Ligand code: NAD
């Protein structure tokens, strides 16, 4: 059984810590690797490698950086399959979904390939007589990325291609539950020609994270994960004067109006709730059925939920894999039970599902819970599993109000054929990413990704133009070049005027 090591300064190292954590195959339930868990000495080593590499990398020309980014893009594109297999084996998601995640990461790399255009400054000729003013942006230094288990390839790619293109160096602390994808990507960066130390992978848990937050040479921290940790990261990093963007959890609602094509809505809701076993920060976990839409919608969703093929992520027939750990399975099943206890109606029950040949796997089947009330635990908690709660509302305004009362504000969607209702919704909801007849409205890489309220702490969204702004700081130069003849006025006399 191989132990997954850190990648620091262009080589693998087990570091100085003797601690390790288990990495499971969620489909079989078996431990397949150990991963090293960094000590504070290992944090120092990773940051020192990145700090040293920064001196040279921050001076590399735009052409050199662009060339390496294009190389990296080609290599990732050529290795989508093996990378997707690594993701599937440690996360559990089906291969096609894992390949889709790599594709969305690739799009951020492609965006970062345009870095010469993105970093162009401004120039004001003759701002005052003989005076010009211009601006440009410089990299920050060592940037840290701390990422969740649910997108082990894509979420780090929201960060490092942009940070590195901007001239920074990077220390990635991926989730300890599925750490291998990051080491694979590190090899591709090296093959692309990135100098050693520019991209480092530090494996670990809270010790590694706290070490990065406290390290004086870490200039900026990007975090994606659950809300309590996002809030902690934001507070700890900002009180030490670091730049920080911390993306948190979600409870994404979809409103279904009676004028919607309900068959279309039910298909898309099923995909958005159960794809990747609901372990997506943009998954729809609450359907708000308005008025007469309710009963028909629940019937359709029940039928479609029952048709989802659950199995090993490596099996091409599987549409949905297991959840990530035994603890996640237990937690999700406990929340379904709490809904039942509090009076909701479990219309499709995924508890206790076993997949033949994978009896020890961490499987939970698609679950639909109707008649959910906002006061119930199953509604209040982020379940992060294949569970769709259906809440009923009388009007579109009541549905919008429900969304706005929720502490999260990551994504939301509406299904309707009314332009007027859609427009009222898009203007009225306090949420960062909005879909109109699109259930998972993840912005393209050339926009920025981010929620509102408890779904994001900090003021910059991730990747896209806001990513470039996050990973750079501006300089404005005011310059005057006196006429050369004045230079001849030099005198050996003591200057008196
Ligand atoms: P998590 O918060 O448990 O872990 C995220 C990272 O933080 C990991 O690298 C982990 O090692 C580290 N961490 C965990 N506990 C810590 C602690 N006490 N102190 C310091 N660091 C700690 O999240 P997860 O379970 O890996 O991922 C699922 C969560 O991520 C969900 O809440 C989901 O909504 C969220 N998520 C959000 C987005 C978004 O864009 N807003 C995207 C993906 C996932």
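Just so it is clear, none of the values below were taken in a lab; they were calculated from the coordinates. None of these values were measured; they are calculated from a predicted model. We place every Cβ from the backbone using ideal geometry, glycine too, and count neighbours over all the protein chains shown.
Each eigenvalue of the Cα gyration tensor of region 73-167, multiplied by 5 and square-rooted, gives one semi-axis; in descending order these are 39, 13, 9 Å. The ranking of 75, 492, 212 from fewest to most other beta carbons within 10 Å of each one's beta carbon is 492, 75, 212. Dividing the convex hull volume of the alpha carbon atoms of region 257-308 by its residue count gives 66 Å³ per residue.
Overall size of region 319-477 from C-alpha positions, given as principal axis extents largest first: 66, 40, 27 Å. Which of rounded, prolate, oblate describes region 287-335, given a ≥ b ≥ c as roots of the alpha-carbon gyration tensor eigenvalues and a/c under 1.5 marking rounded, otherwise prolate only if a/b is larger than b/c? Since a/c reaches 1.5 but b/c is at least a/b, the shape of region 287-335 is classed as oblate.
The distance from the alpha carbon centre of region 42-108 to that of region 318-354 is 34 Å, rounded to a whole number. Note on region 1-152: antiparallel DSSP beta bridges, both residues inside, total approximately 85 percent of the bridges counted.
A straight chain from residue 438 to residue 123 at 0.36 nm per residue would run longer than the Cα-Cα distance by 109.3 nm. Rounded to the nearest 0.05, the FRET efficiency derived from the C-beta distance between residue 41 and residue 480 at R0 = 41 Å is 0.20.
Dividing the helix sum by the residues of the chain, where each DSSP H run of 4 or more adds -39500 (n - 2.57), gives a mean residue ellipticity at 222 nm of -12000 deg cm²/dmol.
The value of relative contact order for region 329-414, using C-alpha pairs under 8 Å at least six residues apart, is 26 percent. Looking at the chain, what % of its DSSP beta bridges pair antiparallel, to the nearest 5? So the antiparallel bridges amount to about 45 percent of the total. Modelled spin-label separation between residue 12 and residue 81, with each label point placed 7 Å from Cα along the Cα-to-Cβ direction: 2.3 nm. Contact order for region 272-322, expressed relative to its length and based on alpha carbon pairs under 8 Å spaced 6+ residues apart, stands at 31 percent.
Taking the Kirkwood radius as Rh and the Cα radius of gyration as Rg, region 198-255 has a ratio of Rg/Rh equal to 1.05.
Mind giving me the FRET efficiency for residue 401 and residue 267? R0 is 30 Å, r the Cβ-Cβ distance, nearest 0.05 is fine. Using R0 = 30 Å, I get an efficiency of 0.65. Volume of the convex hull of region 137-285 (Cα atoms only), normalised per residue: 145 Å³. Given q = 0.14 Å⁻¹, what are the Debye log10 I(q)/I(0) values for region 274-403, with equal point scatterers placed on the Cα positions and solvent ignored? Taking Cα atoms of region 274-403 as identical point scatterers yields -0.60.
Across the chain, the mean sequence separation of Cα contacts (distance under 8 Å, 6 or more residues apart), normalised by length, yields a relative contact order of 18 percent.
The three principal axes of the Cα atoms in region 13-108 give end-to-end lengths of 48, 36, 15 Å, sorted in falling order.
The simple spin-label model puts a point 7 Å past each Cα toward its Cβ; for residue 375 and residue 309 those points are separated by 4.4 nm.
All distinct Cα pairs of region 367-444 go into the 1/r average, and the inverse of that average, the Kirkwood radius, is 13.5 Å.
A full extension of the chain between residue 424 and residue 70 corresponds to an added length of 123.2 nm, given 0.36 nm per residue minus the alpha carbon distance.
Note on the chain: Cα convex hull, mean projected area over all directions, 28.7 nm². Taking a point 7 Å from the Cα of residue 259 along the Cα-to-Cβ direction, the residues of region 397-423 with backbone N closer than 13 Å to it are 397, 415-423. Over region 344-395, all Cα pairs binned in 10 Å intervals from 0 give whole-percent P(r) values of 24, 45, 22, 8, 1, listed from short to long.
Estimated at 0.36 nm per residue, the fully extended path between residue 340 and residue 417 surpasses their Cα-Cα distance by 24.4 nm. Restricted to Cα atoms, region 83-125 shows a radius of gyration and a Dmax of 17.1, 57 angstrom.
The angle separating the long axis of helix 180-191 from the principal Cα axis of greatest extent in the chain is about 30 degrees.
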